[in-house]
Amino acid sequence: MKRFLFVCILWCGLAAVDAASIWQENFSSYTGAGVTGLGPTNYPAGITNWSLNAGVCATLNPGSGSAGDYFMATSTSGGRLEAVNVDGEAVWSSAVIHIADCANVSLSAIASETGSSVSTNKYVKLFYRLDGGAETAFTVNPANVGNWGSAAAVQSNLCGTTVQIIARMNNPNVSDKSILDDVIVSGDRVAVPPPPASDCSRIAGFFYGWSGDTIFKLAGGQFWQQSTAGTRAVSPALRQPYVTITNVSGQRRMIVTNVTGYVVVAPLTVTESAVTNTFAGLHYQNLYQLADGTAWKQISFETVSSAASPVTVWRWIKDGQQMLRFLNRDNAVIGTCTGEAVVPATDTKTHSKIAGNFYGFGHGNLFRLADGSWRKQISFERSDSVRSNPDVLVWNEDGADFLEMPDEARRVTVEKLAVQLESTVTNTFTGLHHGNLYRLANGEKWMQLSFENISTNVISPNIMLWSDETKTNLLLRDSRDVTIGICTVADPNADSDNDGLSDAAEILAGADPLDSESRFELRQTGRNVLSWNAVEGRVYTIEWSPSLTEIFQTLENNIIWPQNSWTDTVHSAETKGYYRITVRRAE
């Protein structure tokens, strides 16, 4: 069955947000400054706003090229930085920009090109360094490669003391240009003098707001607890938002990016661990065995049923009592109770068998045990033995799980997988490929998000589906228990990035279903010219209708990658109507 994605061109107005400009560069003041094949020209010549590094460019070593080979600011379009026939990666770096007195800092730059080359060595890639740290790619349009036209690279919601922007550019062609322009740093300047002390970090995990005595864990491992009354619910939860903790007259205030108001907090000493025994929720007299080797009995009367796995535990002292707070994999609180220390139970070894064939130990190998549970090897021991239903021992020691094969006198460290189901693939199976749809015998459907590319002629492979902290994984094995491959999957009808399109539609269009900023776009770049971001392995059809209430008629079909534009020769510029593009996979 062919799947189609429909996109219509709509005209709409955009509301502008007034953000203060912190720093910008449009190169209009530096015409002719840069490096050519004959050597530097008007550079550095006192330039302090930015710097260049063309040391690996073969044609820009003095005397190795010509004046027509250059990495230089030009006067074209009012000023811009161009790379022409540089034959190597040329690097532009901004000055180190002070942003400590600004919030919601955003970076943007226009990356464009001219010429027809689709070479992967023709590109403009944008990065930034926050507080002198490692280079990090922009989140929107960070890598612009080949014949992309023009794109706005954007990074939002930065918080820190300094930032530096880096553009890595290449172009091995004389008749093409890689271009950088309009580099801007903007943000909301603090309207009042800054407090005496502040700390900028991020929430570790998801942020749901605050209520009562909420505890916040920061990315650096520090814990803070709400110390005054107040409630602020955040839905949907924010993932790792930036926070600033200020000290105003001795009162610590936590300000969370994109959340109105602040919460008063105090530092808290917390011991973090995880539940290792079976967890069924909070109940009076429950025993909780933790990965740090301690064990605790619940002495308060909270009753909360839960089958969450894994479960994180935060322990701290309140009024002389030991408090335990339990959180699920998404950092949502399951419940809080009072506990008392007990002697940990002595771990015993459980006798079991590998269910089916065993093909040796190795990092990442998966083992199905006779009781139906699965273990994943996380240590790096290797063996090449092949056995059928060998005996194994399984036990926990000091918070770590081990699996031992006595016949080999070898043990490995493992983790127990949160298995969702086991089944078989019922539709035609040719291997693992990005965008594959796997129909299972139990009626479920899963679509491959990751890019494993493994071809096979195995019919109806067996599968095991499990989840970890960030994704759902699919193991495929043949009838002899040989692993075909492992991939990341998602429900094709789900909308993982909440952008209004299903994961299946985004994969079909070549967009990233986990990134709400990644989308398929059809643009009218001229009076009769349409362009779009084409993807390999897709076929496009252009359709037209004079009205949205009438049937769309095909104007052009069987357009395949790398073609990413089309000129309408049927309708005049004065004709009013609507274009639509359909996308399907190539046969």
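Every read-out reported here was derived from the displayed coordinates using simple, explicitly stated rules and does not represent laboratory data. All values reported here derive from a predicted model rather than from experimental measurement. Note that each Cβ is placed from the backbone with ideal geometry, even for glycine, and that neighbours are counted across all protein chains shown.
Structural remarks
- For the range 291-354 versus the range 439-501, the gap between their alpha-carbon centres in whole angstrom: 32
- Built from the Cα atoms of the range 136-262, the convex hull projects on average onto 10.6 nm², one quarter of its surface area.
- Where N is the number of residues in the range 197-267, Cα Rg divided by 2.2 N^0.38 Å: 0.98
- Taking N as the residue count of the range 20-189, its C-alpha radius of gyration divided by 2.2 N^0.38 Å amounts to 0.99.
- Sparse-neighbour loop sites [trypsin sites (Lys or Arg not before Pro); the range 387-486; at most 11 other C-beta within 10 Å; DSSP]: R480
- All Cα-Cα distances of the range 271-342, cut into 5 Å bins from zero to the largest, leave 3, 19, 33, 30, 13, 2, 0 percent in each bin in turn.
- log₁₀ of I(q)/I(0) at q = 0.19 Å⁻¹ - the range 459-580, Debye sum with one point per alpha carbon: -1.09
- Dipole magnitude of the range 272-419, debye to nearest 20 (Cβ charges: Lys/Arg +1, Asp/Glu -1, about Cα centre): 280
- A simple spin-label model places pseudo-atoms 7 Å from Cα toward Cβ; at E517 and D468 they are separated by 2.5 nm.
- Stretched out straight at 0.36 nm per residue, the stretch from A400 to N453 would grow longer than its current Cα-Cα span by 15.7 nm.
- For the chain, with +1 on Lys and Arg beta carbons and -1 on Asp and Glu, the positive-most of P562, A341, S178 along the dipole: A341
- Note on the range 515-587: semi-axes of the ellipsoid equivalent to its C-alpha gyration tensor, largest first and rounded to whole Å, are 21, 14, 13.
- Note on the chain: along the principal axes its Cα atoms extend 77, 70, 60 Å, ordered by decreasing extent.
- Full extension of the chain segment joining Q553 with R585 gains 9.5 nm, where the gain is 0.36 nm per residue of separation less the Cα-Cα distance.
- Proxy reagent accessibility, fewest Cβ within 10 Å first, across L437, L548: L548, L437
- The chain: calculated mean residue ellipticity at 222 nm from DSSP helix runs of at least 4, using -39500 (n - 2.57): -500 deg cm²/dmol
- Label-zone membership for the range 315-329, site S211, 7 angstrom Cα→C-beta point, backbone N under 16 Å: 326-328
- Placing pseudo-labels 7 Å out from each Cα toward the beta carbon at R382 and S305 gives an inter-label distance of 4.9 nm.
- Viscosity 1.002 mPa s, temperature 20 °C, Stokes-Einstein D of the range 486-555 from Kirkwood C-alpha radius, µm²/s: 151
- Centre-to-centre, using Cα atoms only, the range 33-59 and the range 549-587 are separated by 45 Å.
- Share of alpha-carbon pairs per 5 Å distance bin for the range 119-190, given as whole %: 3, 15, 26, 22, 15, 9, 6, 2, 1, 0
- Approximating the spin labels as points 7 Å out from Cα along Cα→Cβ, the T569-to-L393 distance works out to 7.9 nm.
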